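Note sheet for the following structure.
The values are calculated or read from the model by the stated rules, or taken from the named source; none is laboratory data. All figures in this text were calculated on a predicted structure; none of them were measured in a lab. We place every Cβ from the backbone using ideal geometry, glycine too, and count neighbours over all the protein chains shown. To get the accessible areas, we keep the full protein, side chains included, count just its heavy atoms, and leave off ligands, DNA and RNA. Shrake-Rupley method; radii C 1.70, N 1.55, O 1.52, S 1.80 Å.
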Amino acid sequence: MPIGTSRSSDPVGSLGTVARRMAAAAALGGGGLSVLGGSLWGLLVAEAQLARRTIGNAEGDPPPASGWYGHGRPGPALKIALLGDSSAAGYGVEDVEETPGATIASGVAEAADRRVYLHSAAKVGAQTKDLQGQIDQVLPTEPHVAVIFIGANDVTHSVTIKTSVRLLGQAVRRLRDAGVEVVVGTCPDLGTIEPLAPPLKQVARVWSRRLAAAQATCVLEHGGRTVALASILASEFSRLSDLLFGPDRFHPSAAGYHRMASVVLPTVLAALDLAPAEDVPLEYARGEAMLPIDIAVLEAARHPGASVEPVEEERQPSGGRSRFVLLRRRRRQPETDVEAPNEAEGEERDGDGEPDGDLSVSEAPAS
């Protein structure tokens, strides 16, 4: 799954530091690795260097996905902010219609029968610490929802889980304070990256899945929604690797990005109050339920594409020690044509070339 590396960064080499930390944790009984000792450390470093040579550096930029979607549809427009790393930007694809942003924006336009403005601030190589700068870019457009894909570069750059989650919490809280709904695709399972050999593969898997679980808890505590991407990798991307991974066997192919965005789209629609009527009630037969947050996060990681969503304060069980949230397994939307964005959609625009801030800002998304 994607690790959004910049052209000047090492996408895998710093996994050695992560490996050392994980090996130390394992020595204390918490890391889940069965082979320990100095030879393990040397093997991990060698495997990281080999994977680094196999994958190479990221080169070039993805097609810009910002712009207007839903050509010819009525207003008022819905506005989406897309934040994060190469998994949000769509590194490696050639056409803008193949980017996650285009898939999500086109899907929302189809479901709502409305125009959609997408502002993508996602950058190849971004880490969680870069989200504040990206938020600075998108807040002037007053988005209705922000979609975030982040975390893989925190793993490859040895950012501690505590630091990464703290920074993500600050970003989500800032967006929610501005009235923006938030949907976060949590850190992918880096153990599915084919150029990584065991035991480095196990190190990457444990570290990234721990980060994903911590991300989910943090986002929910700040009023956002999460979609578990690690389970998608463990199932679909592993089973269909030739189709869903790109030529470097590291970033997704166009089909892989489309699959990832399609999994997140139903939760984006729910955040905009656009979920299909049949998906509004909980379906217990599908494994949906209101659960304590720690249990819900673990359950979501077991079900590909499961989302975890907040519960209003008035619905929280009284006297409970744990906060309750909703575990949802929303149905994927029917396939729709993915559009290329228009730079303008016949709307007034301000001097910065962005859509006028008066455009549908006060309009709530239609249900």
Problem set entry | Largest to smallest accessible area among Phe149, Phe324 [probe 1.4 Å] | Phe324, Phe149
Problem set entry | By accessible area with a 1.4 Å probe, ligands and nucleic acids excluded, highest first: order of Asp154, Asp294 | Asp294, Asp154
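Order Lys201, Lys79, Lys123, most accessible first, counting only protein heavy atoms with a 1.4 angstrom probe.
Heavy-atom accessible area, descending, gives Lys123, Lys201, Lys79.
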Seminar exercise, completed: Of the candidates Gly169, Val147, Ser158, the farthest towards the positive dipole end of the stretch 142-182 (Lys/Arg Cβ +1, Asp/Glu Cβ -1, centred on the Cα centre) is Ser158
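What is the dipole size for the stretch 245-344, taken about its Cα centre, with +1 at each Lys and Arg Cβ and -1 at each Asp and Glu Cβ, in debye to the nearest 20?
Roughly 520 debye for the stretch 245-344.
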Exercise. How far apart, in nm, are two points set 7 Å out from the Cα along the Cα-to-Cβ line at Thr336 and at Gln132?
Worked result: 3.6
Seminar exercise, completed: Mean 1/r over distinct Cα pairs of the stretch 148-197, inverted to a Kirkwood Rh in Å, yields 12.3
Exercise. Using the heavy atoms of the protein chains alone and a 1.4 angstrom probe, what is the accessible area of the stretch 81-189 per residue in square angstrom?
Worked result: 29
Exercise. Separation of the stretch 281-301 and the stretch 125-167 by C-alpha centroid, Å?
Worked result: 26
For this session: Leaving ligands, DNA and RNA out of it, work out the accessible area of Glu299 with a 1.4 Å probe and give it in Å² to the nearest 10.
Result: 50
Problem set entry | Estimated distance in nm for a label pair at Asp95 and Leu139, the labels positioned 7 Å out from Cα along Cα-to-Cβ | 3.8
Exercise. To the nearest 10 square angstrom, what accessible area does Thr163 show with a 1.4 Å probe?
Worked result: 50
Problem set entry | the stretch 136-176 - charge dipole about Cα centre, Lys and Arg +1 at Cβ, Asp and Glu -1, debye rounded to 20 | 220
For this session: Starting from the Cα-Cα distance between Arg315 and Ile295, subtract it from 0.36 nm times their residue separation and give me the gain in nm to one decimal.
Result: 5.4 nm
Problem set entry | Segment Glu278-Arg73, extension gain: residue separation times 0.36 nm, minus the distance between their alpha carbons | 71.4 nm
Exercise. Probe 1.4 Å, all protein chains in place: accessible area of Ile148 in Å², nearest 10?
Worked result: 0
